[in-house]
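This report refers to the structure that appears directly beneath it.
The values are calculated or read from the model by the stated rules, or taken from the named source; none is laboratory data. For clarity, every value in this text was computed on a predicted model and none was experimentally measured. FYI the Cβ positions are ideal-geometry reconstructions off the backbone, even for glycines, and counts take in every protein chain you see.
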Amino acid sequence: MKYLSSPAQLDPPAEPQTDGTGADRPRRSRAGLWVAHLLACCIGIVGLGCALALPFAPVWVDRTEVSWPAAEARSTTAFFAPYRPASFDASVPCPVLRAALDRPARTTVLTTLPPGSDREGLVLTTRDGRPELVLDQHQVPLPPGTCELSIHADSTRSVVTAGGRPPIVLPGMAAPEIFTFATDLEPEELAGISVTARTFSWFDTSPTDIKSTLITTTLVLALVSLVLLFVHAPPALGAIRVSPLLLPVDALVAAVLAGWLVIGPLTDDDGFAMMTVRNYDDAGDIGNYYRWFNASETPFTLVQHLMRWVSEESLAPAWLRVPSAIAGLLTWLVVSRGIVLPVCRGTRRLPLHLLTAVFFLACWLPFGLGIRPEPFVALGTSALVAALLKMGRTRAPHFWLGVAALIAGLTMSVTPTAVSALLTVLVFTPRIWRVLAQRGALPRWVSLPTRVVLLGCVGSVGLVAMFADSTLNGVRSATAIHDEFGPSLGWYQEIDRYANLLGTNIWGTATKRLVVFLVVAAVLIAAACAMRQVHRWTELPDLPMVLGSVVAVLVALWLTPSKWTHHFGALAGVGSALLAVTVVLLGRVGRIERARREARLVGVFGGIAASVAAALAFMGPNVWPMQSDLAMPWSDTPVRPGLPLDSPALWLATGVAVGVLAFCFVRIRAMLSRPAPRGLMWTVMPMSVLGAAALASVAVLLGSFIAAPQTMGDRFSIARMNSQSIRGSGCGLENEIEALPIAARLAPIAGAAELDGFTSAGGPPQEPDLREVHPGEPLLAKRPDDPKTPEGEVATTTASQFAWTSTAGGPQTTGSLTSAWFGLPRLTGDQTLSVWVSGRPEQGNSLALEFGTAAGPVATRELRDPPPTELAFDDPRHGRPIDWRNFRGWRLLTVEPGQIPAGVDRVRVHAADRTTDQQGWLTVSGPAVRDVVPLRQALAEREPVLIDWPMSFVFPCLSDYPRVSHGVTGTPRMLITPPLGEGSMAFGPDIGGVFAGVPMLSQRYELPSRLRDAPGNTWGHVLYARYPIERDAYATTQHRERIGGAAGDPAYPFEEH
């Protein structure tokens, strides 16, 4: 059969298959064969047995006990993760309780909850001469005359003993939640009180010598099993050839991936995943760090452990991206040479390689960079498909089946989405069975079990990756916690993932949509052809296998408990392969005379499907997470680079135009009396749309990510950050943030405020009282006036004691303000003049600073919010939402020294409120002078600093963060939060936020800051957390026990009592 591509067979011929009878080998002793098979079977069984024993193998567990009081009995923060301990014991002696009973007012003797909390903790108080005990929001009746009290609790019950009286047993009431150990009594009155809580230790395990031996044995025997499968029928390694013609395409793909490593976007989870890795040294486990009680990610931690080893070298963002870039390059080699070329035999290699490169880059670039596991799932599933395809074209099918088992096992340990590897194996089950059931020198009842156990032993390497650092009890506990807090959605809610994909935020980025929609279109086209057996006519017998592998990934997504769109990155390998194979299929269908009806149908409907898919994809914005979106083209509109890519008509017209050209080609060949493939004019339509859409996506991605850093220049961008980290000269975003502590509060020196419709307000926001005394040194903190304030706390202040507002009569109030003259010192180059403002100083209202001297006004500087860099989606039909800009919050507006006229020594505020809509009001503070200092200078000596999960990846040099380990969490003093502020999962108790106690026990005050030379960009916030009690003033002790893998602490008591 002749094709448009090539009539010649350019691939090397398949390796000849043997009949498995052993006729081509020297005659062997049957006794030797029996012994060899018996030995191989024993090796496989022992290796598989060792792997299956790993979840149950004995481990060392580190039990951690927290004791309070430590050196001195003072109230302290005590953040437990999870909130309840495994066991709890408290003893309150008679003198302590009497000291509280002697006080006339209500007195807290001991509490584990912040004031006013509705959590389920312990509160022991005295009132009206009698003690009151509340456990888990239940009042516990105490006998009259109670003086001495002891409380013991675990996961199933609580026992309260009052003196020598019979104990009060409270079944089903678990140990109390602990966020603090607090009391109203003085330290000298607390002599003898003691609290001991043992934390849950599901994940605080390490292998015993027995388990280490099992791990080593499994790995060694898996290697031996693979060697035995190799020796059984060694492959013809000399048949491996490298085509020099394809190397330039490989070099081009490698160059794009290398450049993408520098300029490519962040993922939404880079910071989250990075902190789970960074905290390993303290926790000894890959936990969640921010949420889910810091529950382990077990058993899917293979990639995190890889990143842990990589991060030991450096935390530079560019370096941390290297593994995913390498995975991308390997995926390309596997897809192009291991799947597409063998499946599309007989097609010219160079055009096919170029076509595959376009589809691969279109699928990999939007999803494949970063430290999420999807790039490795794509590599694993692609390599698995390639190995299983090779199995059917080689004289060593058992060896390649062993390679496939090894790949499947390792891939399964990456992430829940990797269940696609198991589903892919099911797709190939008929072929696998034919290989396993091949006749050998011995009866099938001997050879078949031997092959199965050898394959099982090789695949059991995945169990080593899953359970080398965890136990069965740990996996059960982690799964229960994940299911409780969620997201834990059912397969029937998979529609949520596609709803997210069609959104206009980072989940619905245009190029991410394109990957999914083009793959779905290819699935429909390939499935239609496969059902009509067209793949057999076109000599693409492996098409159903590639199609089934893509469907396996899509089905695996249905089974995963969370429905985020970044999971679609698993399609980057087999999805791009299917796209390339589908285009080849369409080209061959169009050349088959007897398939003219199929060519018309698949051409028309395939062209419509591809056109709708492309238009629907480019209807989305080119928006990316966090700092990746700086100066990004089309981040708030559909992607329209001079062409309406979001229009189905454009793509249909493209396909029709190419079809007309194909028709003309056919007619010309017919006029020349040459055979012409008349069906090609139909199938070329979906071919051209699929290829053009993928090429447009690659062009949009590369063009926009090259243009964005050029627009930013020497200001912060992801590309600039990565370039600096490669040169070893950068600390990421930290280098670009300027903190603005107060340098001088200005005082009135002349005149009085003229208020018309404005009234005096309460003042601008409180902020930490940090001052720069010596340039370059840590900021000096003023201590609060209250002598009971814990050591190290910082006082708060306001930038001005003056503030005025037009909101007294509601938004309908209008008026004007002219403040008194404030004395203005001469500003240095690293200072700025500022005012706080809320409300709208534009669109009918106005705000200005007037500068002058004793002789009178000199100049006026109008103040307006800089144009925001983050814009709501500008829907092409409905436009932006009404009131999409929010002026209600406090913002700091500044005037730089170069914008202040020379020689002036005073300044005053002018404001006018001329509008009556909901945001048509103004509140403004008096002016203040601020120092401009690097963020590092503001954070110094105020550690630990909690970097919220969307931000931590771009702060590689901040190493003093709160440690989360062994069931307890360090208390942060400073917080770095994203633009949305404190609405983080780290602080939410409803999702097991590890730092939920921070908002419960502290007041947060923002230190104003800004991104250097980037007005209008709300980069994030720097918050100081002020606690009224000591931080972490408790003692911890550890002891080690040996337990079985299925034993250990019971499940967390989530059920309400």
Inset, instruction - Identify all residues within the stretch 282-296 that are in contact with a helix residue (DSSP H, G or I) (Cβ under 9 Å, 6 or more places away or on another chain) and either among the aliphatic types (A, V, I, L, M) or surrounded by fewer than 23 Cβ atoms within 10 Å (Cβ to Cβ) (or both); write none if there are none. - result: Ala283, Ile286, Ala295
Legend entry - Flag if Lys512 is of a type outside the set (Ser, Thr, Tyr) and not in a helix (DSSP H, G or I): no
Legend entry - strands (runs of 3 or more DSSP E) (entirely within the stretch 830-925) containing at least 2 residues that are within 29 Å of Phe716 (Cβ to Cβ): 831-839, 846-853, 856-862, 891-895
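Are there any strands (runs of 3 or more DSSP E) wholly within the stretch 727-817 with 1 or more residues that are among the polar types (S, T, N, Q), out of contact with any Cys (no Cβ under 9 Å at 6 or more places or on another chain) and more than 30 Å from Gly713 (Cβ to Cβ), and if so which?
803-805
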Inset, instruction - Please go through the stretch 869-886 and pick out each residue that is exposed (fewer than 15 other Cβ atoms within 10 Å of the Cβ) and either within 30 Å of Ile742 (Cα to Cα) or modelled with pLDDT of 95 or more (or both). - result: Glu870, Asn886
Legend entry - Residues (among the β-branched types (Val, Ile, Thr) and surrounded by 24 or more Cβ atoms within 10 Å (Cβ to Cβ)) located in the stretch 580-594: Val581, Thr582, Val583, Val584, Val589
Legend entry - Unique match (being charged (D, E, K, R) and either in the same structural domain as Gly1020 (by TED's automatic domain parsing) or farther than 20 Å from Arg745 by Cβ (or both)) among Glu862, Glu896, Glu850: Glu862
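Per-residue answers, yes or no, for (1) among the small types (Gly, Ala, Ser); (2) part of a helix (DSSP H, G or I); (3) at pLDDT below 90; (4) under 30 Å from Asp62 (Cα atoms):
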residue: Asp268; (1), (2), (3), (4): no, no, yes, no
residue: Thr347; (1), (2), (3), (4): no, no, yes, no
residue: Leu355; (1), (2), (3), (4): no, yes, no, no
residue: Leu369; (1), (2), (3), (4): no, no, no, no
Inset, instruction - Look at Ala803 and say whether it is under 30 Å from Glu754 (Cα atoms) and either at pLDDT below 90 or over 36 Å from the mean Cα position of the chain (by Cα) (or both). - result: yes
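Per-residue answers, yes or no, for (1) out of contact with any Pro (no Cβ under 8 Å at 6 or more places or on another chain); (2) touching a residue at least 60 places away in the same chain (Cβ under 8 Å); (3) buried (at least 22 other Cβ atoms within 10 Å of the Cβ):
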residue: Ala570; (1), (2), (3): yes, yes, yes
residue: Leu578; (1), (2), (3): yes, no, yes
residue: Arg596; (1), (2), (3): yes, yes, no
residue: Val604; (1), (2), (3): yes, yes, no
residue: Gln627; (1), (2), (3): yes, yes, yes
Inset, instruction - Taking Ala528 as the residue in question, decide whether it is in the same structural domain as Leu426 (by TED's automatic domain parsing), farther than 24 Å from Val700 by Cβ and of a type in the set (Gly, Ala, Ser). - result: yes
Inset, instruction - Residues that are more than 22 Å from Gly392 (Cβ to Cβ): find the helices (runs of 4 or more DSSP H) completely inside the stretch 518-607 holding 1 or more of those. - result: 543-559, 574-589
Inset, instruction - Give just the number: which of (1) without any contact (Cβ under 8 Å) to a residue 60 or more places away in the chain; (2) buried (at least 22 other Cβ atoms within 10 Å of the Cβ) does Pro323 not satisfy? - result: (2)
Inset, instruction - Could you check, for the stretch 616-623, whether at least one of its residues is surrounded by fewer than 21 Cβ atoms within 10 Å (Cβ to Cβ), farther than 18 Å from Phe517 by Cα and outside the structural domain of Leu980 (by TED's automatic domain parsing)? - result: no
Legend entry - Top-ranked residue in the stretch 152-185 [being touching a residue at least 40 places away in the same chain (Cβ under 8 Å) and within 20 Å of Arg106 (Cβ to Cβ); ranked as surrounded by the fewest Cβ atoms within 10 Å (Cβ to Cβ)]: Asp184
Inset, instruction - Go through the stretch 775-796 and give me each residue that's on the phi < 0 side of the Ramachandran plot and surrounded by fewer than 16 Cβ atoms within 10 Å (Cβ to Cβ). - result: Pro775, Glu777, Leu780, Lys782, Arg783, Asp785, Asp786, Pro787, Lys788, Glu791
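Of Pro93, Pro131, Pro104, which residue is loosely packed, with under 14 Cβ neighbours inside 10 Å, out of contact with any Phe, Trp or Tyr (no Cβ under 9 Å at 6 or more places or on another chain) and more than 28 Å from Phe995 (Cβ to Cβ)?
Details: Pro93 fails: loosely packed, with under 14 Cβ neighbours inside 10 Å; Pro131 fails: loosely packed, with under 14 Cβ neighbours inside 10 Å.
Among Pro93, Pro131, Pro104, only Pro104 is loosely packed, with under 14 Cβ neighbours inside 10 Å, out of contact with any Phe, Trp or Tyr (no Cβ under 9 Å at 6 or more places or on another chain) and more than 28 Å from Phe995 (Cβ to Cβ).
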Inset, instruction - Could you tell me which residue of the stretch 1016-1057 is farthest from the chain's Cα centre (by Cα), considering only residues that are within 24 Å of Ile947 (Cβ to Cβ), surrounded by fewer than 19 Cβ atoms within 10 Å (Cβ to Cβ) and at pLDDT below 90? - result: Gly1016
Legend entry - Checking Gly145 against (1) of a type outside the set (A, V, I, L, M); (2) closer than 26 Å to Ser296 by Cα; (3) in a loop (DSSP other than H, G, I, E, B), the condition it does not meet: (2)
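Only strands (runs of 3 or more DSSP E) wholly contained in the stretch 962-1057 count here; list those with 3 or more residues that are over 25 Å from Pro866 (Cα atoms). Steps first, answer last, please.
On the way: elements: 974-977, 1003-1007, 1009-1011, 1021-1026, 1035-1043.
By residue number, 1021-1026, 1035-1043.
Conditions tested, residue by residue: (1) without any contact (Cβ under 8 Å) to a residue 60 or more places away in the chain; (2) surrounded by fewer than 22 Cβ atoms within 10 Å (Cβ to Cβ).
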{"position": "Cys731", "(1), (2)": "no, yes"}
{"position": "Glu736", "(1), (2)": "no, no"}
{"position": "Ala739", "(1), (2)": "no, no"}
{"position": "Ala752", "(1), (2)": "no, yes"}
{"position": "Ala761", "(1), (2)": "no, yes"}
{"position": "Gln766", "(1), (2)": "no, yes"}
{"position": "Leu770", "(1), (2)": "no, no"}
{"position": "Val773", "(1), (2)": "yes, yes"}
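Listed here are the residues, each with its yes/no results for (1) in a loop (DSSP other than H, G, I, E, B); (2) under 29 Å from the mean Cα position of the chain (by Cα).
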site: Lys390; (1), (2): no, no
site: Ala418; (1), (2): no, yes
site: Leu442; (1), (2): yes, no
site: Leu448; (1), (2): no, no
site: Val452; (1), (2): no, no
site: Leu463; (1), (2): no, yes
site: Thr479; (1), (2): no, yes
Legend entry - Positions within the stretch 525-578 being on the phi < 0 side of the Ramachandran plot and among the charged types (D, E, K, R), in sequence order: Arg532, Arg536, Asp542, Lys563
